[in-house]
Amino acid sequence: MHFTINGQSYDAEPDIRTSVLDLCREHLGLTGSKKGCDHGQCGACTVLINGRRVNSCLTLAVMHQDDEITTIEGLGQPGNLHPLQDAFVRHDGYQCGYCTPGQICSAVGMLDEVKKGWASHASGDLTDPKFDDAEISERMSGNICRCAAYPNIVDAIREVAGAEPEGRTADEKDAAMEANRRGELVA
């Protein structure tokens, strides 16, 4: 089988039941995408397939032989980071780092959806979605951060999107992160 991942051609013969995640990690050595839950519930495995974000643990590799697959390794490299990777570092949006590859790939796909004018569940106006923290949180809700770095992740995404921050002070940001650690999700 032939695959195009991060702009490179790969030939591999995985079992037809192999997920895109396992193809990347176990057959091709691309270990940036993480196996979190292996049930499509955490988003740690998110990659881009033809520009759309996909939980790679849930989709079979055999279905994507003619598609462009982009993992975190394809977005940027040390010394040449993708703008979202750079923003995550500056805003401390990575904490332990396990969910970060999926968060960044998801955010890249999400910003493309916003650019195309696609509404989300949180969009009040279906023709012109407002890009605020509630909108970002809804659009990123498929990606879980067990370290509760959500405020920092939202700030990194807002910066790259060119959206004005909602004026959170450092104390408010710390309080939001502490609330997240207690299980009270706050963007």
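Within the stretch 157-166, one or more residues are at pLDDT 95 or above, under 28 Å from GLY32 (Cα atoms) and under 12 Å from the mean Cα position of the chain (by Cα). Per the listing CYS37, CYS96, the residue uniquely assigned by TED's automatic domain parsing to the domain that holds ALA163, loosely packed, with under 15 Cβ neighbours inside 10 Å and farther than 24 Å from GLU135 by Cα is CYS96. Every listed requirement among (1) modelled with pLDDT under 95; (2) touching a Gly at 6+ places or on another chain (Cβ under 7 Å); (3) aliphatic (A, V, I, L, M) is met by ILE72 save one, (1). Restricting the first member to the stretch 128-140 and to residues that are touching a residue at least 24 places away in the same chain (Cβ under 8 Å), and the second to residues that are charged (D, E, K, R) and outside any helix (DSSP H, G or I), the beta-carbon pairs closer than 9 Å and six or more apart or on different chains are ASP132/GLU166; ASP133/GLU166; ASP133/ARG168. Residue check: is ALA61 within 11 Å of the chain's Cα centre (by Cα) and not hydroxyl-bearing (Ser, Thr, Tyr)? Answer is no for this residue. Take the conditions (1) buried (at least 18 other Cβ atoms within 10 Å of the Cβ); (2) in contact with a His (Cβ under 7 Å, 6 or more places away or on another chain); (3) in the same structural domain as ARG52 (by TED's automatic domain parsing); ILE69 misses just one of them, which is (2).
Here's the yes/no breakdown for (1) touching a Pro at 6+ places or on another chain (Cβ under 7 Å); (2) outside any helix (DSSP H, G or I):
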| residue | (1), (2) |
| --- | --- |
| GLY32 | yes, yes |
| GLY36 | no, yes |
| CYS42 | no, yes |
| LEU58 | no, yes |
| CYS96 | no, yes |
| PRO101 | no, no |
| VAL108 | no, no |
| SER123 | yes, yes |
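In summary, GLY97 fulfils each of the numbered conditions (1) at pLDDT 95 or above; (2) under 15 Å from GLY32 (Cβ atoms) with the single exception of condition (1). Name the single residue that is nearest to SER137 (Cα to Cα) among those in the stretch 79-127 being without any contact (Cβ under 8 Å) to a residue 60 or more places away in the chain and touching a Leu at 6+ places or on another chain (Cβ under 6 Å). Per the stated criteria, the residue is ALA107.
The values are calculated or read from the model by the stated rules, or taken from the named source; none is laboratory data. Only a predicted model underlies this, so the values are computations on that prediction, with no experimental measurement involved. When we count neighbours, we look across all protein chains shown, and the Cβ atoms used for this are built from the backbone with ideal geometry, even at glycine.
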